[in-house]
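Undergrad: Structure provided below as structure tokens; questions to follow.
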Amino acid sequence: MKNVIYVFLAALVLTSCKKNDFVNFSGKITNQNSDSIVVANGQKGYQRVIKLDENGAFKDTLKVDDGFFSLFDGKEYATVYFRNGDEITMNVDAKDFNNSIIFAGKGAAESNFMVKTTLNQLEFNKGVLAMLELPKADFDEKLNSYVSGFTSRLENKVLDTAFVSLQKNNIEGLKAQLTNMHDEKMYIKNELAKGKVAPKFVDYENPKRETFSLDDLKGKYVYIDVWATWCPPCLAEIPSLQKLEKDYHDKNIQFVSISVDKRDDYFTWTDMIEEKNLGGLQLYANEDKTFSEAYRISSIPRFILVDPEGNLVSADAPRPSDPKLVELFSSLGI
């Protein structure tokens, strides 16, 4: 009899272990955008395609490393949080994806938290650019209100402690990032205002090892592009910049591109100049941070416009792809 009990207990333990080995994930998508949904985590190299039936219903078991996953229905995305042992159902109307998606079952609280966070972020992001222009007291009030609302939702006792810890780090990171962006905006607005003497670059080299300084270009407007070869948004602006250089080649303006590539990437920079036939005055900062620090450049590309006397027109000028740049040039009679 004892042997029977031991066998029974062993089977029970094995069954219990097996239950915790995967996520039971099921649900239904109405007005579906495709015949399947994809659960993926690129960093972990995980991807699972789950087929929907003719009614949009699905059911699958997922073996995962606990954490965040993106869920894609062919058109819309959602962020979910899965742990082995969870039993989660999802229901959503694809015509109103963000507002209708809801999770239920064991382990659903974290994914529902992310749904609410996405909605809040979409609304918050609409006002971020305007918020960055506010005086510090007003900026702090709006930012602290958003952060407070976020952290209060983390007090839900059902939420996984590791999830809560990560979310607290995320919101603190966002707060720090936006605060730095606001400080940069205010510094540009007050310390780098139009008409002030432009901070200078001095003795930056071109690919021929000839040196140039901002003072060498007095008498012309100077449009400066601070960029790097590894920066996709920088590279995306190159065609528009080349068009500007062509359109304004006989005007009183000098186009200057300053590379902030590291020394190890020097030849990547020179090769790209040749391969892409980059025009204007191509200069290399050679890891000198004086110029970037003077303009509080925390992200690139950054564009700067200086007048013929060496004074600032804009320390954060429109990008080449922005029609407002040509409007600015026209207003200056360039």
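The values are calculated or read from the model by the stated rules, or taken from the named source; none is laboratory data. What you are looking at is a predicted structure, and each value in this text was computed from that prediction instead of being measured. As a convention, Cβ positions derive from the backbone with ideal geometry for all residues, glycine included, and neighbour counts pool all protein chains shown. Surface accessibility is based on the protein's heavy atoms, side chains included, excluding ligands, DNA and RNA. Shrake-Rupley method; radii C 1.70, N 1.55, O 1.52, S 1.80 Å.
Undergrad: How big is the charge dipole of the chain about its Cα centre, in debye rounded to the nearest 20, if each Lys and Arg gets +1 on its Cβ and each Asp and Glu gets -1 on its Cβ?
TA: 1060 debye
Undergrad: Another question about this same structure. Taking the alpha-carbon centroid of each part, what is the distance from the stretch 91-162 to the stretch 182-206 in angstrom?
TA: 36 Å
Undergrad: What angle, in degrees between 0 and 90 and rounded to the nearest 10, separates the Cα long axis of helix 161-191 from the longest principal axis of the Cα atoms of the chain?
TA: So the helix axis and the longest Cα principal axis differ by about 10 degrees.
Undergrad: Whole-Hz Karplus ³J(HN,Hα) for the stretch 114-125, in order, using 6.51 cos²θ - 1.76 cosθ + 1.60 and θ = phi - 60°, x for Gly and Pro?
TA: 5, 4, 5, 4, 4, 4, 5, 5, 4, 5, 5, 5
Undergrad: Could you give the angle, 0 to 90 degrees to the nearest 10, between helix 238-247's Cα long axis and the longest principal axis of the Cα atoms of the chain?
TA: Relative to the chain, helix 238-247 is tipped by roughly 30 degrees.
Undergrad: Give me the percent relative contact order of the stretch 72-161, please, defined on Cα pairs under 8 angstrom at least 6 residues apart.
TA: Relative contact order comes out at 23 percent.
Undergrad: I'd like the carbon and sulfur percentage of the solvent accessible area for the chain, probe radius 1.4 Å, heavy atoms only, ligands and nucleic acids excluded. The partial results should precede the final answer.
TA: On the way: 9610 of 18790 Å².
Here carbon and sulfur together make up 51 percent of the probe-accessible area.
Undergrad: Evaluate the relative contact order of the chain (contact order divided by residue number), counting alpha-carbon pairs under 8 angstrom at least 6 apart; express in whole percent.
TA: 13 percent
Undergrad: A follow-up question, please. If amide H atoms are built 1.01 Å from N in the plane of the peptide, which residues on other chains or at least 5 residues away come under 5 Å of the amide H of residue 254?
TA: Those lying under 5 Å, H to H, from residue 254 are 221, 222, 223.
Undergrad: Can you give the longest run of the chain that contains no trypsin sites (Lys or Arg not before Pro) sitting in a DSSP loop with at most 11 other Cβ atoms inside 10 Å?
TA: Excluding the exposed sites themselves, the longest stretch runs over 76-156.
Undergrad: Measure up 185/251; 75/246; 44/116; 218/246; 126/220; 116/189 against 32 Å on the Cα-Cα distance and list the ones that go over. Intermediate results must be reported in sequence, preceding the final value.
TA: Values: 185/251 30 Å; 75/246 39 Å; 44/116 25 Å; 218/246 21 Å; 126/220 38 Å; 116/189 35 Å.
Beyond 32 Å: 75/246; 126/220; 116/189.
Undergrad: Also, quick follow-up: Using a probe radius of 1.4 Å on heavy atoms only, what accessible surface per residue do you get for the stretch 194-262? Whole Å² is fine. Mind dumping the intermediate values first?
TA: Values: 3660 Å² over 69 residues.
Normalised by residue count, the accessible surface of the stretch 194-262 is 53 Å².
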